Amino acid sequence: MEGPRGWLVVCVLAISLASMVTEDLCRAPDGKKGEAGRPGRPGRPGLKGEQGEPGAPGIRTGIQGLKGDQGEPGLSGNPGKVGYPGPSGPLGTRGIPGIKGTKGNPGNIKDQPRPAFSAIRRNPPMGGNVVIFDTVITNQEAPYQNHSGRFVCTVPGYYYFTFQVVSQWETCLSIVSSSRGQVRRSLGFCDTTNKGLFQVVSGGMVLQLQQGDQVWVEKDP
């Protein structure tokens, strides 16, 4: 039994050596292509690629939905700037009279200003239209200027002016006033005679004056 085993081993080795010698000396042609192997296992995930370019805008193809419910009121905003004043409204109806005030303390007439004057002229005026009464009889608080023949108001109020002139000729006199540079001939008095007799021309009137107004007597030219 031992003899055959040893022989078999020797034969196999001889064949292998013969094949190696033959392969070195002359290469045999390739054999037929074998069948495809089974698919391998999935590989590991690759690295993240670079960001692509923006795509073209999409086209809206859906139908517009219904109007939604009203949302909740938002928070109050900051106060706006003050607007320009509007036009004045119409005059309202007259209100109810107020309650009568308390009676004041008695006044003292001595403390109140009382401008008054009286002046005369003995000779007929020679030139100009203003009749200057150059002789002063009374000039309380000095409202009358005997050099110009004008009364200058220093206390606003109502004043009564009167004059009397005796003449033998036709005479026309006027009371003239000036307020803020505007001259006004308030009232005129005239008398005529052809007999050379003395006659009296007189007149008087009440004027409301403001501070700085002037009053004088003027004859017609």
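The values are calculated or read from the model by the stated rules, or taken from the named source; none is laboratory data. Quick caveat: nothing in here was measured; it's all calculated off a predicted structure. When we count neighbours, we look across all protein chains shown, and the Cβ atoms used for this are built from the backbone with ideal geometry, even at glycine.
A few comments on the model shown:
- Checking each residue in segment 126-144 for being within 14 Å of residue 216 (Cα to Cα) and over 51 Å from the mean Cα position of the chain (by Cα) picks out 128, 129, 130, 131, 132, 133, 134.
- For residue 206: the one exception among (1) at pLDDT 95 or above; (2) among the β-branched types (Val, Ile, Thr); (3) assigned to a loop (DSSP other than H, G, I, E, B): (3)
- Condition check for residue 39: of a type outside the set (Phe, Trp, Tyr), farther than 30 Å from residue 166 by Cβ and either touching a strand residue (DSSP E or B) at 6+ places or on another chain (Cβ under 8 Å) or assigned to a loop (DSSP other than H, G, I, E, B) (or both): yes
- Where a residue in segment 181-204 is free of Cβ contacts under 8 Å to residues at least 60 places away in the same chain and its partner, wherever it lies, is in a loop (DSSP other than H, G, I, E, B) and of a type in the set (Ser, Thr, Tyr), with Cβ under 9 Å and at least six apart: 199/192; 199/193
- Considering only residues in segment 90-147 that are charged (D, E, K, R) and under 23 Å from residue 211 (Cβ atoms), the one that is surrounded by the most Cβ atoms within 10 Å (Cβ to Cβ) turns out to be 141.
- Segment 176-219 - residue that is among the basic types (Lys, Arg) and over 24 Å from residue 115 (Cβ atoms) and, of those, farthest from the chain's Cα centre (by Cα): 195
- Among the conditions (1) among the hydrophobic types (A, V, I, L, M, F, W, C); (2) within 29 Å of residue 203 (Cα to Cα); (3) within 50 Å of the chain's Cα centre (by Cα); (4) loosely packed, with under 12 Cβ neighbours inside 10 Å, the only one that residue 151 does not satisfy is (4).
- 2 or more residues among the aliphatic types (A, V, I, L, M): qualifying strands (runs of 3 or more DSSP E) within segment 88-177: 116-120, 135-140, 157-167
- For segment 178-203, a residue qualifies if it is assigned to a strand (DSSP E or B) and surrounded by 12 or more Cβ atoms within 10 Å (Cβ to Cβ), and the qualifying residues are 178, 179, 186, 187, 188, 189, 190, 191, 199, 201, 202, 203.
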